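Remarks on the structure that follows.
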Amino acid sequence: MHYEIQNTKKDNLSISEFVLKMKNLIESLAAAGQPLSKEELISQVLGGVDLEYDTVVVTITARQGQISLEEA
């Protein structure tokens, strides 16, 4: 399941659909006893978005301190 999370891309999904898909995958992983941290979740989501979100990715990754998925 880690492989699926790492290789899931936004592609033709809306951003909401993509984030929901990632959250579901990560919840499944947690239910299997292998939870990811919030930081890892955000990192995986940011890594899966298209170039059109580059500005958002740069802004979020440059930010200091913790960030929630809702803020991302």
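We did not get these values from a lab; they are worked out from the coordinates using the rules stated. Fair warning: this is a prediction, and the values are worked out from it, not measured in the lab. All Cβ positions, even for glycine, are placed from backbone atoms using ideal geometry, and neighbour counts span all protein chains on display.
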_With Cα atoms, 0 to 90° folded angle of helix 15-31 axis to the chain main axis_ = 30
*May I ask you to list the trypsin sites (Lys or Arg not before Pro) in the stretch 1-69 that are in a DSSP loop and have at most 14 other Cβ atoms within 10 Å of their Cβ?*
LYS9, ARG63
*Remind me, what semi-axes does the stretch 4-44 give for its equivalent ellipsoid, largest first in whole Å, using sqrt of 5 times each Cα gyration tensor eigenvalue?*
18, 10, 9
*With the contact rule set at Cα under 8 Å and sequence spacing of 6 or more, what percent relative contact order holds for the chain?*
35
*Note the listed values (i) 5.6; (ii) 7.2; (iii) 4.6, then indicate which one is mean projected area of the Cα convex hull in nm² calculated from this particular structure.*
(iii)
